[in-house]
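First the structure, in the form of structure tokens, and then the observations on it.
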Amino acid sequence: MKGKGSAAFPAHRDENDVARIQCVLALSDCGFDVWPYSHTLPHKKGDVDGDGHFHLSEAFVRDLKAKCEQVVFSAKAGDVLIFRGGLTVHGVPEIGENHPSPRVVTYASFWPPGTTKGMLHARKRCACCTTLGHGAY
């Protein structure tokens with residue numbers, strides 16, 4: 001949740017989510033920042049500085065600006081943004097003082113069958129099943 005006057009959250013890729021289908025569900029009127037076609041840019045570990053989350057390297061940002069356009073989508077409560085996890089660059093737009101409501105969203109995770117994490121989940125051996133006690137046999 002982000003209230004009025006919140007700064008934008010920078011462009012990023014969730015490095016550890018490659019192959020996951022990411023879903024952002026709007027629970028209030030808000031916006032989504034996304035860079036269409038950013039998933040087609042060459043992907044390598046050196047594109048991300050730091051711990052692999054939220055810190056794109058300067059070289060990648062230059063490539064992103066040259067090849068992809070930032071789009072801010074206006075969303076209504078109930079709208080969903082679905083994109084390729086770990087590859088699509090996304091962020092959060094600034095919440096201006098005159099915005100009619102705070103930005104309230106929730107996230108859903110989906111690891112498709114055939115991915116390593118998807119197969120672990122199907123066998124109830126993933127972190128979500130074992131931590132919640134749903135499959136720790």
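Results, tabulated for the structure shown:
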item: Cβ-derived FRET efficiency at R0 25 Å, Arg125 paired with Cys23, nearest 0.05; result: 0.60
item: Ordering of 12-19, 91-98 by burial proxy (mean other Cβ atoms within 10 Å per residue, highest first); result: 12-19, 91-98
item: Ratio Rg/Rh, restricted to the stretch 9-111 and using Cα atoms, in which Rh is the Kirkwood radius; result: 0.97
item: Non-local Lys pairs in the chain, i.e. 8 or more apart or on different chains, that have alpha carbons under 21 Å apart; result: 8
item: Nearest-0.05 FRET efficiency for Ala8 and Arg62, computed from C-beta distance (R0 25 Å); result: 0.85
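Since every read-out is calculated from the coordinates, none of them should be taken as a lab result. In this text the structure is predicted, and so the values were computed from the model without any measurement. Using ideal geometry, Cβ is built from the backbone for each residue, glycine included, and neighbour counts are taken over all protein chains shown.
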